[in-house]
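Single-structure report; data block below.
The values are calculated or read from the model by the stated rules, or taken from the named source; none is laboratory data. All of these numbers come straight from a predicted model, not from anything done at the bench. Counting neighbours? That spans all protein chains shown, and the Cβs are built from the backbone with ideal geometry, glycine included.
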């Protein structure tokens with residue numbers, strides 16, 4: 001019985017570890033980039049990859065006279081340093097992306113869970129080009145964003 005329990009635990013651990021690294025299903029870690037074409041995908045640590053980068057720029061900050069709250073507008077530029085087009089990108093967010101309201105984000109789509117951002121339909125980021133989207137958040141803090149996955 002001990003051997004069966006040990007084997008079951010080992011198999012479950014291997015399955016969970018494998019699922020965490022199998023990015024064909026979009027399951028790279030937060031610090032990883034999913035890259036590849038067709039069914040041949042790989043996870044790569046972001047600090048090892050300079051192919052895609054995000055540049056976050058604060059456009060301005062102000063206090064709303066009606067409610068006394070502080071808001072900041074940010075632009076985010078996706079830079080494609082590769083020689084091929086990005087067909088889709090998934091950008092992770094956390095609690096720091098506290099939008100002023102549902103209309104305070106443009107040129108990007110929030111996924112169903114509202115935790116990830118992705119390109120609008122029929123939008124690619126061409127080879128060696130960039131794409132910019134923006135939003136308005138409550139407060140002054142720059143939101144924490146990271147590249148979760150990229151498809152070509």
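Summary of computed values
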read-out: Pair list, Cβ under 7 Å, 6 or more apart: region 134-152 residue free of Cβ contacts under 8 Å to residues at least 24 places away in the same chain, other residue surrounded by 18 or more Cβ atoms within 10 Å (Cβ to Cβ) and not in a strand (DSSP E or B); value: none
read-out: From the options 26, 36, 68, residue that is surrounded by fewer than 11 Cβ atoms within 10 Å (Cβ to Cβ), at positive phi and either over 12 Å from the mean Cα position of the chain (by Cα) or at pLDDT below 95 (or both); value: 68
